[in-house]
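The values are calculated or read from the model by the stated rules, or taken from the named source; none is laboratory data. The model shown is predicted, which means the values in this text are computed figures rather than measured ones. Note that each Cβ is placed from the backbone with ideal geometry, even for glycine, and that neighbours are counted across all protein chains shown. Side chains are part of the model used for accessible areas, which takes the heavy atoms of the whole protein and leaves out ligands, DNA and RNA. Shrake-Rupley method; radii C 1.70, N 1.55, O 1.52, S 1.80 Å.
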Amino acid sequence: VDHYANADTIIPKGSLFYSDMLKKAEQMPDSAFANIDSGNTIFSLAVNKETTFNNSIRAGDYIDLYLSATEPGTNNIIYGKLIESIKVLAVKDNKGNNILKNFHENGEPSELLFAVDTELFDILMTAKYVNNPKVSIVPIIRNQSYTNKQGETLVASEELKQLILGQKSAIGADMVEE
């Protein structure tokens, strides 16, 4: 039938129902995660109203991620584009609800969710756990034509990538499970 019951609806077998009780797959909560590319992993980026430009970042938008940090020892500011052209799969509030569906009740964004390949996931997770409270990943929304002409998601700065990965301890191959 290619339709599903609403997340908050139960339709007993053989019973009558209204068509508004049904949704297409793409209308279901978190349906964006069902079709991520093989080898990609979902990453959750903590955000707030300010970092999403007053809730301007929406599912389906393509964004760039910038790195903001201070250089250890010198306190020099480091800022630049780390990853470009990431498709936002969902914007969630602090209860895990889709922000578009709860804009008036729980409209404060808490996380952006997107899928990235293993290399980008490693970079982002390492940046998340760097032992420097002044390191942050900042989402930058682009205009509609950027979203319409999305490019390949890739590392924009090899130097920033190495800065992040250089702070990661090596793990023996025998400690990593495939």
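Restrict the check to the stretch 153-176 and report whether at least one residue is farther than 17 Å from Lys87 by Cβ, acidic (Asp, Glu) and either modelled with pLDDT under 90 or touching a helix residue (DSSP H, G or I) at 6+ places or on another chain (Cβ under 8 Å) (or both).
Initially, the stretch 153-176 is screened for residues farther than 17 Å from Lys87 by Cβ, giving 157-176.
Right, trim to acidic (Asp, Glu) and you get 158-159, 174.
Now drop any that are not either modelled with pLDDT under 90 or touching a helix residue (DSSP H, G or I) at 6+ places or on another chain (Cβ under 8 Å) (or both), which leaves 174.
For the stretch 153-176, residues farther than 17 Å from Lys87 by Cβ, acidic (Asp, Glu) and either modelled with pLDDT under 90 or touching a helix residue (DSSP H, G or I) at 6+ places or on another chain (Cβ under 8 Å) (or both): present.
Go through the stretch 49-95 residue by residue and tally those that are assigned to a loop (DSSP other than H, G, I, E, B), small (Gly, Ala, Ser) and surrounded by 15 or more Cβ atoms within 10 Å (Cβ to Cβ). I'd like the intermediate steps shown before the answer.
The first filter runs over the stretch 49-95 and keeps only residues assigned to a loop (DSSP other than H, G, I, E, B), leaving 49-61, 71-76, 88-89, 93-95.
Going one step further and asking which of them are small (Gly, Ala, Ser), we end up with 56, 59-60, 73.
Right, trim to surrounded by 15 or more Cβ atoms within 10 Å (Cβ to Cβ) and you get 59.
Number satisfying all stated conditions: 1.
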Scan the stretch 145-156 and report the pairs whose first residue is of a type in the set (D, E, K, R) and open to solvent by 80 Å² or more (accessible area, probe 1.4 Å) and whose second residue is at pLDDT 85 or above and not in a loop (DSSP other than H, G, I, E, B), with Cβ atoms within less than 9 Å and a gap of 6+ or a chain change.
-> Lys149/Tyr62; Glu152/Glu84; Glu152/Ser85
Is it the case that Thr126 is at pLDDT 85 or above, hydroxyl-bearing (Ser, Thr, Tyr), out of contact with any strand residue (DSSP E or B) (no Cβ under 7 Å at 6 or more places or on another chain) and within 20 Å of Thr41 (Cβ to Cβ)?
-> yes
